[in-house]
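Taken together, the values in this text are just the output of simple stated rules run on the coordinates, not laboratory data. Quick caveat: nothing in here was measured; it's all calculated off a predicted structure. As a convention, Cβ positions derive from the backbone with ideal geometry for all residues, glycine included, and neighbour counts pool all protein chains shown.
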Amino acid sequence: MNKFLFALIFSIMSTAALAQISSQPRYSLSKSSLPADSLSYLEPKDYIIGGVTISGTKNLDKDVLLTISKLSKGDKINLPGEANANVIKNLYSQGLFDDVQLNITKVNLDTIYLEIVVVERPRLSRMHLSGIRKGEIEDVEKLLSDKTGKIVNQNLLSTTSAIIKKHFNEKGFLNTTVTIKQKKDPGDANSVILNIAIDKKQKVMITEVSFEGNKAFSERQLRKYLKKTRTRKFYNLFGSRKFKQDKYDEDKKSLITEMQDKGYRDAELISDTVFKTGENTVGIKIKLFEGHKYFFGNIKWSGNAKYPSEILGKILKLRKGDVFSEDELNKRLTGPTPNDDDISSFYLNDGYLTYQADPVQTKIYNDTVDLDIRVYEGPQYTINRVMLKGNDVTNDKVVMREIKTKPGQKFNKALLIRSTREIGQLGNFDEQKTEPKPTNINPQDGTVDIVYNVVEKPSDQIELSGGFGGGQLVGTLGLTFNNFSLKNIFHLKDYKPLPKGDGQKLSLRGQSSGRTYQNFSFTFTEPWLGGKKPIYFALSAYTQLSSTGQYYALTNPLYNKLRINGVGVTLGKRLNWPDNYFQLNYSLNYDHYNLDNYTGYLFSNGTSNNIKLTQELSRNSLDAPIYPTSGSNIKLTLQGTPPYSLFNNIDYKIATQEQIYHFVEYYKVKYDAQWFQRITGKLVLMSQIRFGFLGEYNSAVPASPFERFKVGGDGMASYQFLQGSDIVGLRGYQNFTIIPVGTNYTADTNPGSTIYNKYTFELRHPVIQSQSATIFALVFAEGGNVWNSFDKFDPFNVRRSAGVGVRVFLPIFGLLGLDYGYGFDAIPGIPSANKGQFSFSISQSLNGGFN
């Protein structure tokens, strides 16, 4: 009776245990071809496992499944009972099976043979996404690419849904829903397709941000610290109004950092709540603890042997009584600071490569924090070797001659940064990936090696375009080889398509509309003449023809023609004073003009010669050639011809135009300057001023018809005036329409002016910065004007404009620009000159540029 009662209770308990997972696929302990009395649920027996086999597997490892089942040959097992339930439970808990059975295949006395039969769950063959755009589908597929081929279980479904929701939550779609349906794959019986329907809903916007616990900080001030979490107000132009969890988490950290930087070193965020204010809007409430405002107390220096504490204190620029800020303290000790005037730069520029500083708060009393700044100077390091890696095309010498860190010199951080800039200025390498790295640091002998890792980028450029202007179609073909090698010109094996690697520049350009307009130019530059000294050399030549055509000349007396030929040579040198950013260039040019009934200058018939000597003093400290964020680019140009009127014995009162202009005389002064300043993040302000003046040696000699200033438009020399004039852009106005106040010139007959000035402000922000392309957007405001005499010159009386634009730098095409500007000031006689203009530019503003 007791035995029967025990069996009944055990049976009930086993049934209850099985009922806990009765919703799962079935499993059983069954007999196969065994006598009916060989196994009794009422009388469980102990058996020795004689062997275990597994069947039904397709993709899973049988040995692994045996390990999970915990059934091993030779082990004892009590059957039927709890053991068989545990085997099936262990296997099913892996989430890999739709069905698990434990069968008895043979019983021999006290030895039992078992078989585990499984039905594997299907695997994922592919996903089909719907409800979102094509580009979004591609982004989500990349995130879920590792799911294909995995077993489809609840974990995979939950993970897939969570990944999709997180992806769209980060973009502001907090109410995204994901519906997943399974469908058997007709091509594979054990695979399924997941049909995933995604509904992003609308973006969730922030309607309010409030604070609790703030006394010293106003809510308005605290909201400013949340730079990426802004409320939905029309004036929040730069902060995001969408709620993004990751950006909000960043802002919470920056909020506390900002409070601590203001002296509240105990500030902390106690709690925060994001709550719904509408179907697609949320509000944020943040509870803060401010604490007391702290100030710097006594600052002590320890471990400094090279420099006395007084000098380090002056460089630190933190005094007793200043508001306590750990962030400012760390910047002053380890950098970076805007002018590299921190303690770290001071030591690193003097060879102390392993310098360290540890500020220890030794005493905190009332509202004061005393510090002991413990300095480890280490040895003074000398450069042992300088190496270059990654220059597959450019010869070592081209890069090494630009590097300022030389073997035998003390290690110098400033020279390391300068060398990186100079490598970028070559234009042959991706400046974003140029990485100088100190290596083989040897404290025993105080030496260090420096490796400059560079990445080559395409530098040759091609210009192939067609345009309609002056009533005719003009085609252009230009080739610029920015890493040319003249010495290998006869080595055919080095042609790729021309010999490369020596950092020289060869430019060939042709422009034509047939017989009516032709322009061909050639330029060769060598930045290191002779290869040993930074002597700049350039040689250029061009020829231009503009006419109404030979047939027109035979049939119409209004035929006109202009032929200009010119050659020039330039020599320049880098200067070390006032600093080594300066360059001094001298150019000698000869231009020959032949005019036949040609308008656009002060005379229309005859020949003219222009022999001019130019001196240009420039300073370029921009940190990058394509998208500068700091530094300046300044040029002062003096140009002049011989004063022929002093010795040619011409009576200018009765001289003909051909006699007056046979040899033109003038002097010319130009000043161009740009400054770049980072405003916040990658937002950069470019400020520019330009001025030009064309003067006369002799008041009896009329002003030169050439070298005048033509202002307005895109700043590109259109084919009618490619030579002989200075072209100055002023967006928002048609080309060359800026004329002196009170004059009646039109755009067709404007010969140019003798004085101009121009001011420009641009806010720039990058869209893409990579080796293959750089794209940045800009908004601008500028103004400029022209005059013909100094007594009327007024630098503040300018024609104004504003607009937006974009710049695209592609290595093969150079810098391309598109702007839309609107001119605010009407031009007399040309009503449409300022009514909003699109302008297109090519290859302008490299190295800052002046447009």
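Nearest 10 degrees is fine. How inclined is helix 134-143 to the longest principal axis of the chain, computing both from alpha carbons?
50
Rounding to the nearest 10 and keeping the result within 0 to 90°, find how far the Cα-based axis of helix 82-92 lies from the longest principal axis of the chain.
Helix 82-92 sits at roughly 20 degrees to that axis.
Say the dipole of the chain comes from +1 at the beta carbon of Lys and Arg and -1 at that of Asp and Glu; which of Gly510, Ala541, Tyr381 then lies farthest toward its positive end?
Working it through, the farthest residue towards the positive pole turns out to be Gly510.
Hey, can you rank 760-767, 531-538 by average C-beta count inside 10 Å, highest first?
Put in order of decreasing packing, that is 760-767, 531-538.
Compute the acute angle (0 to 90°) between the alpha-carbon long axis of helix 154-169 and the principal axis of greatest extent of the alpha-carbon atoms of the chain; round to the nearest 10°.
With rounding to tens, the tilt is 30 degrees.
Ranked highest first by average number of other Cβ atoms within 10 Å, how do 245-251, 333-339, 592-598, 351-357 line up?
Going by the mean number of other Cβ atoms within 10 Å, highest first, we get 351-357, 592-598, 245-251, 333-339.
Just checking my list (i) 2, 13, 22, 24, 19, 12, 6, 2, 0, 0; (ii) 2, 9, 12, 11, 10, 9, 7, 6, 6, 6, 6, 6, 5, 3, 2, 1, 0, 0; (iii) 2, 9, 13, 15, 15, 14, 12, 8, 5, 3, 2, 1, 1, 0, 0 against P(r) over Cα pairs in 10 Å bins from 0, in percent computed from this structure; which label fits?
Label of the calculated value: (iii).
Less than 12 Å Cβ to Cβ from Lys496, Lys/Arg counted +1 and Asp/Glu -1: what total charge do the surrounding residues give?
Local charge sum for Lys496: -1.
What are the ³J(HN,Hα) couplings of region 44-57, residue after residue, when phi is run through the Karplus curve with 6.51, -1.76, 1.60 and θ = phi - 60°? Round to Hz, x for glycine and proline.
x, 10, 8, 10, 9, 6, x, x, 10, 10, 10, 9, x, 7
For the cross-link pairs Lys200/Lys247; Lys331/Lys437; Lys247/Lys682; Lys215/Lys317; Lys758/Lys835; Lys252/Lys682, which exceed 26 Å when the distance is taken from alpha carbon to alpha carbon? Walk me through the intermediate numbers first.
Values: Lys200/Lys247 19 Å; Lys331/Lys437 22 Å; Lys247/Lys682 17 Å; Lys215/Lys317 29 Å; Lys758/Lys835 20 Å; Lys252/Lys682 22 Å.
Result: Lys215/Lys317 exceed 26 Å.
Ser608: net charge of surrounding residues, Cβ under 10 Å, Lys/Arg +1, Asp/Glu -1, itself excluded? Intermediate results must be reported in sequence, preceding the final value.
On the way: positive: none; negative: Asp591, Glu658.
My count for the surroundings of Ser608 gives -2.
Would you mind working out the magnitude of the charge dipole of region 123-199 relative to its Cα centre, with +1 at each Lys and Arg C-beta and -1 at each Asp and Glu C-beta, to the nearest 20 Debye?
Result for region 123-199 is approximately 140 debye, rounded to the nearest 20.
Where q = 0.19, 0.20 Å⁻¹, what log10 of I(q)/I(0) comes from the Debye formula for region 37-186, counting one point per Cα?
Scattering profile of region 37-186, log10 relative to I(0): -1.09, -1.17.
Compute the signed sum of charges (Lys and Arg +1, Asp and Glu -1) over the other residues within less than 12 Å, Cβ to Cβ, of Ser546.
Combined, the nearby Lys, Arg, Asp and Glu give +2.
Mind sorting Arg123, Arg319 by how few other Cβ atoms lie within 10 Å of their own Cβ, fewest first?
So the residues, fewest neighbours to most, are Arg319, Arg123.
So what's region 408-540 giving for Cα Rg divided by 2.2 N^0.38 Å, two decimals?
Cα Rg divided by the expected 2.2 N^0.38 Å: 1.48.
Using θ = phi - 60° and the Karplus form 6.51 cos²θ - 1.76 cosθ + 1.60, what ³J(HN,Hα) does each residue of region 568-574 get, whole Hz, x for Gly and Pro?
Per-residue couplings from phi come out as x, 9, 10, 10, x, 9, 6 Hz.
Would you work out the Kirkwood radius for region 295-376? I mean one over the mean of 1/r across all pairs of different Cα atoms, in Å.
Kirkwood hydrodynamic radius for region 295-376: 12.9 Å.
Show log10 I(q)/I(0) for region 632-734 at q = 0.17, 0.25 Å⁻¹, two decimals, from a solvent-free Debye sum over equal Cα scatterers.
With no solvent term, the Cα-only Debye profile gives -0.91, -1.30.
Can you order the peptides 567-580, 727-740 by their average number of other Cβ atoms within 10 Å per residue, highest first?
727-740, 567-580
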